[in-house]
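Report on the structure given below.
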Amino acid sequence: MAIVGIDLGTTNSLVATWRNGKSELIPNAYGSYLTPSVVTIGEHGPVVGAPAAACLATHPERTCARFKRLMGSDEKVKLAGRSYTPEELSACVLRQLVEDAEAYLGEPVTEAVVSVPAYFDIAQRVATKRAAEIAGIRVNRLINEPSAAALANHDLESEETFVVFDFGGGTLDVSVVDCFENVVNTCAVSGDNQLGGIDFDAVIARELSAVNGQIHPDPGTPLYEELRLAAERAKRRLDTMDAETDVSVQAPGYDKPLHLTCRRLYELSCKIFKRMSIPLKRALGDAGFEPEEITSLVMVGGSSHMPVVRRYLMAALNVPVTSTEQCDYAIALGLGMYVGVMQRSEGVRDILLSDVCPFSLSTSLGDLETYSLRSSFIIKRNTRLPAQGEVTFYVPGTRKFVTFDIYQGESIYPQYNKQLTELSIKVGTSKDKYRECSAKLFYDINCLLALELRVKDCNVVARYVYEGRSWRRLKAGEEHVQLRATVSEIKLDSTNTEYRLAVKRAEDLFDMVGSEDAQQLLKNAFDEFRSNALAGGSVRRIRERIEEFHQLMDMVESDTGADAFFAASDAAQWDIDWMDPNSWDTADDSDDQIEQDEGEQGDEGTLS
């Protein structure tokens, strides 16, 4: 039986596998690698792909696209008189991809790795797994889309740190990836699950309505789909910075065409570009790299073809842009490569791929006297997975129930975060004024979120697993297996031994050196090392800090060069202002450069 990698996209989906020592894309029944993520309900059941996409304008009442944006929500889509969940529609696409793969490979496919946007939250990830289950597929692992793209773009013979800018039809992901030797390590992620190429289509379509003095039609109507398709075709025709085109439709009241250039598109889309800059700044800031350490920008996703998007990013980051003709296929090719890792294939068997938690997980623990609510963070965003965290809290002894809530988000105020649950367990009253409780969260690489809730004085323990819209309390026979497996993964940290050896050497060296100045120097360095050595998400950066500490200890042992070393180590701190669009430099001889508008545009800029 074959294993495949599935890139389940908003606009198009792909499937790949590992064969003959390389990642191989699998064509669909029409000979194309790209299968439109569109479902229409025909006379004999759901139809997926190109035939369904052709029905968007002719039969919108029974056809649906872009349902990936609804994953993890309670929304349903009504098609041909019946309501469908986003998971059911996604399952139709997954099933079609698997059928195409089985026909191409000549063997059954029951297992897959599936990509998800890095900024998908827990509910959206669980919903993706549920869609695969509906389609009859076992998901071996969910892989962040930028991580898969990084895997496809990384030269295993080199060390590099790059930004993966994954801009698809419906979602935007930004990841900072540190690659060295056989390790592809995601250091920080950010994104916008409601921003993609279809937002440019909407801007163009609305402007066409405005030019003709018409009220823009509602979604789901034939005219709306006709305008959207015309806008999408026009967007694709702007394939160079100096290209221009006319947008028009054959509909009553739409007599005037919209003349469109890249400059005009940029002016119409200033809000889109401003939203685009937010996750870009956040990911770079969280990763902690200095500007000169970023080697390139890797562009992924179909919407990365847009010259105006590439030009904007080149001006924003001032780093080389790595973009091939296969940016539509990069995620799928990376997934196919990971299939080779799973199969322990020659050349890729030793590759290690790490991901991080995209959102912080917290609880609302109030002050016992004032009951003012604040977020108490248990697992912070960009923590390397698998991860665990624990929090201790106290409740009045008069309460018969212990209630614990979990939130997802970054605000210090719980009401501004997304509540995942509020669980209550019955414990009875206590003679003490306050009773001590603890909660442990376990979060693994496959989006399994588990909770262990313990009440100390009465020894009550409850264990739960999050299933997307609800928490399931684990039975006695299964609780220890799942939770212990998660904890054992967390303890496998390749830096622990190296860190402990460095600490042990410093402790031994302190007793050996005779100079008080050398002892003080070593003590200060030791304190700084213990505080900062394991900070940050990059395994390579942690190893570099440990190596730097070993170099300093070498100097202390030889009693030479320590002062010079410290002078160098304190230099060149990263200033986040380098990402301020006001500081973007532009080339004097460029006709298509993005410049900063000093007028009302603020930090959105204009195109010249």
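Values in this text are rule-based calculations from the coordinates and carry no lab data. Quick caveat: nothing in here was measured; it's all calculated off a predicted structure. For neighbour counting, all protein chains shown are included, and Cβ atoms are generated from backbone atoms with ideal geometry for every residue, glycine included.
Across the stretch 416-431, coupling constants 3J(HN,Hα) worked out from phi with the 6.51/-1.76/1.60 Karplus curve, θ = phi - 60°, read 9, 9, 8, 7, 8, 6, 9, 9, 10, 10, 7, 10, x, 7, 10, 6 Hz, and Gly and Pro carry x.
The calculated Kirkwood hydrodynamic radius for the stretch 299-342 is 11.6 Å, given to one decimal from all distinct C-alpha pairs.
Peptides 154-160, 304-310, ordered by how many other C-beta atoms sit within 10 Å of their residues on average, highest first, read 304-310, 154-160. Across the stretch 122-199, counting alpha-carbon atoms alone, Rg and Dmax equal 14.4, 41 Å.
Computed from backbone phi, the HN-Hα couplings of the stretch 194-208 come to 10, 9, x, x, 5, 6, 5, 4, 5, 4, 5, 4, 5, 5, 5 Hz, rounded to whole numbers (Karplus: 6.51 cos²θ - 1.76 cosθ + 1.60, θ = phi - 60°; Gly and Pro given as x). Each peptide among 465-473, 541-549, 436-444 gets the average number of other Cβ atoms lying within 10 Å of its residues, and from highest to lowest they stand as 436-444, 541-549, 465-473. The lysines within cross-link reach of LYS400, meaning a Cα-to-Cα straight distance under 17 Å and a gap of 8 or more places when in the same chain, are LYS426, LYS431, LYS433, LYS456.
What order do you get for 238-250, 86-98, 140-152 when each peptide is scored by the mean count of other beta carbon atoms within 10 Å, highest first?
Packing order, densest peptide first, comes out as 140-152, 86-98, 238-250.
With neighbours defined as other Cβ atoms within 10 Å of a residue's Cβ, the residues HIS44, HIS216 order from fewest to most as HIS44, HIS216.
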